[in-house]
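A.B. asks: For reference, the structure I am asking about is given below.
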Amino acid sequence: MTNAELAYGVAAAGANVLGAVAVTSRATRSLKALDAMLSFAAGFMISVSLIDLFPDSIIAAGSLAPVMALAAYVLVHLTQHTIGRHFHFGEETHSVSEVVSVSALVGLLMHTFVDGVAVASSFRVGAGLGALVFVAVLLHKFPEGLAISSLFLAAGASRSKALAAAGALGASTIAGLLVTDHLDFLRTYGLAISAGVTLYVGASNLVPELQDRGGARIPLSFVAGCGLYFVARSLAFA
Ligand SMILES: [Zn+2]
Ligand SMILES: [Zn+2]
């Protein structure tokens, strides 16, 4: 773990908290561009998962890597949609119970832990992939913090609790980053797990959130996320 990696982790965690600050200070009305940003992030995340994380995970861990990627995908699905029955990105507009907000936090803690594992594992491959995965993580960190804190507020929690929930997501990200180098399991399968979870966040959290929106802005942002991934990749691997 280098200082640069830690700085990336702190920046990602900071974006979680910033998303919460936007909600608790009621600045979200000026966040109309958030939908397009989420759609862009989805394209970018699905691209990094399929084009780099998945093949690299097979190079690192062999034929068990795809199984681990699927297992990670299934585990996030179960924690976000079975144990916790209500979670979506974006500002919460439904009335929810405290149980719902806490179970969504548990599901997201697992996902954010893997955000950290993804950054650390990809830096083990090289600085280029590390930078690409960091961008993929950073792009959805602000909405992630916004989502959990608005869910807490909708469940009747105080502003400080809503901020603390986003802080916990940030801390979990840094924890994932810190432990990856020290656990054999994560050193071997970290890339595979990251491939599965990054694919989940892009394809199963973000895309379903946005596919009902009318107009061309959302699909174009998605395609731009995929396209700009290739541009970022050619810069990162130059
Ligand atoms: Zn809702
Ligand atoms: Zn995340």
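A.B. asks: Can you give the charge dipole size of the stretch 107-238 about its Cα centre, rounded to the nearest 20 debye, using +1 on the beta carbon of Lys and Arg and -1 on the beta carbon of Asp and Glu?
C.D. replies: In total the dipole reaches around 220 debye.
A.B. asks: Which ³J(HN,Hα) values in Hz, rounded to whole numbers, follow from the phi angles of the stretch 66-72 under the Karplus curve 6.51 cos²θ - 1.76 cosθ + 1.60, where θ = phi - 60° and Gly and Pro get x?
C.D. replies: x, 5, 5, 4, 5, 4, 5
A.B. asks: Among 193-203, 171-181, 219-229, how do they line up from the highest to the lowest mean number of other beta-carbon atoms within 10 Å?
C.D. replies: Ranking, from highest mean packing down: 193-203, 171-181, 219-229.
A.B. asks: Could you run the Karplus curve 6.51 cos²θ - 1.76 cosθ + 1.60 with θ = phi - 60° over the stretch 170-179 and give me ³J(HN,Hα) per residue in whole Hz, x for Gly and Pro?
C.D. replies: Rounded to whole hertz, the list is x, 5, 5, 4, 5, 4, x, 5, 6, 8.
A.B. asks: Then there's this: Normalised by the number of residues in the chain, what is the relative contact order in percent for Cα pairs under 8 Å and 6+ residues apart?
C.D. replies: 41
A.B. asks: What list of ³J(HN,Hα) couplings, whole Hz, do you get for the stretch 137-150 from phi and the Karplus terms 6.51, -1.76, 1.60, once you set θ to phi - 60° and write x for glycine and proline?
C.D. replies: Karplus-based 3J(HN,Hα) across the stretch 137-150 equals 6, 4, 4, 10, 6, 4, x, 5, x, 4, 4, 5, 6, 5 Hz.
A.B. asks: What does the charge dipole of the stretch 1-156 about its Cα centre add up to, to the nearest 20 debye, if the Cβ of each Lys and Arg holds +1 and the Cβ of each Asp and Glu holds -1?
C.D. replies: Roughly 180 debye, rounded to the nearest 20.
Taken together, the values in this text are just the output of simple stated rules run on the coordinates, not laboratory data. Model, not experiment: these values are computed from the prediction. In this analysis, Cβ positions are derived from the backbone assuming ideal geometry, glycine residues included, and neighbour counts consider all displayed protein chains.
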